[in-house]
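Structure first, commentary second.
The values are calculated or read from the model by the stated rules, or taken from the named source; none is laboratory data. All figures in this text were calculated on a predicted structure; none of them were measured in a lab. Here the Cβ positions follow ideal geometry from the backbone for every residue, glycine too, while neighbour counts run over all protein chains shown. Calculation scope for accessible area: heavy atoms of the full protein, side chains included, ligands and nucleic acids excluded. Shrake-Rupley method; radii C 1.70, N 1.55, O 1.52, S 1.80 Å.
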Amino acid sequence: MISSVRGLVLSALGSTVVIEVGGVGLAVQVTPTTALSLRHGTEARLATTLIVREDSLTLYGFPGADELAVFELLVGVTGVGPKSALGVLAVLGPNQIAQAVADEDDGVFRKVSGIGPKTAKLIVLSLAGKLAVTSVASVAGRQVATTVAAGVQAALIGLGWSERVAAQAVEETLADAADPDQVGVASLLRLVLARLGPAQQASERRP
């Protein structure tokens with residue numbers, strides 16, 4: 001079992017990143033958000049799991065243990081393969097998934113490509129009692145899942161922005177959002193990057 005990889009990012013395109021470990025380039029399947037947070041020539045560390053099939057060995061990577069744990073629970077659900085599980089995590093953060101399961105809300109899973117009504121219900125039933133909803137933090141008088149904000153801040157820091165700039169940009173973006181408690185990691189990251197803009201990238205990144 002390959003539980004994690006750390007090394008130089010050789011490429012990051014779409015949902016595949018290639019990380020050089022000990023002179024070997026490992027192709028790792030990730031969410032588009034994770035791929036976006038990685039840059040060629042920088043060092044990255046991903047929590048991973050290896051899925052073995054008769055005709056393939058596929059490595060799936062995640063920025064943290066929470067995402068990996070949820071992925072492994074999802075692929076254990078009948079009808080949910082690795083691709084669909086990764087698709088769920090591309091749309092929903094671990095806390096959003098836990099909240100949906102706690103609320104018995106299978107509708108959020110039906111919005112994910114490849115997840116039908118029957119499978120969505122199975123996800124809720126199979127994951128019941130296995131996920132904990134984390135606390136939420138107030139941002140500009142509204143509520144937003146801590147894991148979403150923290151995930152975006154980590155991605156920004158990985159892209160080169162300072163912790164101060166990342167935190168401020170996330171807070172300001174959430175304050176302007178119409179419904180911040182419904183903003184996912186991927187959508188929030190896009191909004192924050194648009195706010196920061198190319199001009200600020202050059203002046204605010206760490207030396």
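Among the listed values (i) 16.2, 47; (ii) 17.7, 57; (iii) 17.3, 52, the one computed from these coordinates for Rg and Dmax of the Cα atoms in Å is (iii).
For residue 124, neighbours were defined as the other residues whose beta-carbon sits under 10 Å from its Cβ, and their charges (Lys and Arg +1, Asp and Glu -1) total -3. Of the heavy-atom accessible surface of the chain (probe 1.4 angstrom), what whole percent is carbon and sulfur? Ligands and nucleic acids excluded, carbon and sulfur give 53 percent. Of the residues 151, 197, 64, which exhibits the maximal mean-square fluctuation in a Gaussian network model of the chain defined by a 10 Å Cα contact cut-off? Sorting by GNM fluctuation, first place goes to 197.
Scan the chain and report its longest stretch carrying no GluC sites (Glu not before Pro) that are both in a DSSP loop and have at most 11 other Cβ atoms within 10 Å. Longest stretch, sites excluded: 105-207.
In this entry, the range 19-92 is assigned a mean projected area of 5.5 nm², taken as a quarter of its C-alpha convex hull surface. A simple count of charges around residue 97, restricted to other residues whose Cβ falls under 12 Å of its Cβ and scoring Lys, Arg +1 and Asp, Glu -1, yields -4.
What accessible area, in Å² to the nearest ten, does a 1.4 Å probe give for residue 36? Surface open to solvent at residue 36 totals about 60 Å².
Solvent-accessible surface of the range 70-113, averaged per residue with a 1.4 angstrom probe and all protein chains in place: 43 square angstrom. For the set 185, 52, the ranking by accessible area, highest first and with no ligand, DNA or RNA atoms included, is 52, 185 under a 1.4 Å probe.
Using Cβ point charges alone (K and R +1, D and E -1), the dipole size of the chain about the Cα centre works out to roughly 300 debye. Among 94, 82, 117, the largest mean-square fluctuation in a Gaussian network model of the chain, built with springs joining Cα atoms closer than 10 Å, belongs to 117. For residue 121, a cut-off of 19 angstrom between C-alpha atoms picks up these aspartates and glutamates, skipping any fewer than 8 places away in its own chain: 72, 103, 104, 105, 106.
Working note: Karplus 6.51/-1.76/1.60 with θ = phi - 60° gives the range 167-177 the couplings 4, 5, 5, 5, 4, 5, 5, 5, 5, 8, 6 Hz, where Gly and Pro are set to x. Could you please report the charge total around residue 65, scoring K, R as +1 and D, E as -1 over all other residues with beta-carbon less than 13 angstrom from its beta-carbon? The answer is -2. Adding -39500 (n - 2.57) for every DSSP H run of four residues or longer, then dividing by how many residues the chain holds, sets the calculated 222 nm ellipticity at -14500 deg cm²/dmol. The phi torsions of the range 38-43, fed into the Karplus equation with coefficients 6.51, -1.76 and 1.60 and a -60° offset, translate into couplings of 9, 10, 4, x, 9, 8 Hz, rounded to whole numbers, with Gly and Pro shown as x. Amide H contacts of residue 64: 47, each under 5 Å away and 5 or more positions distant or on a separate chain (H built 1.01 Å from N in the peptide plane; Pro and chain starts excluded).
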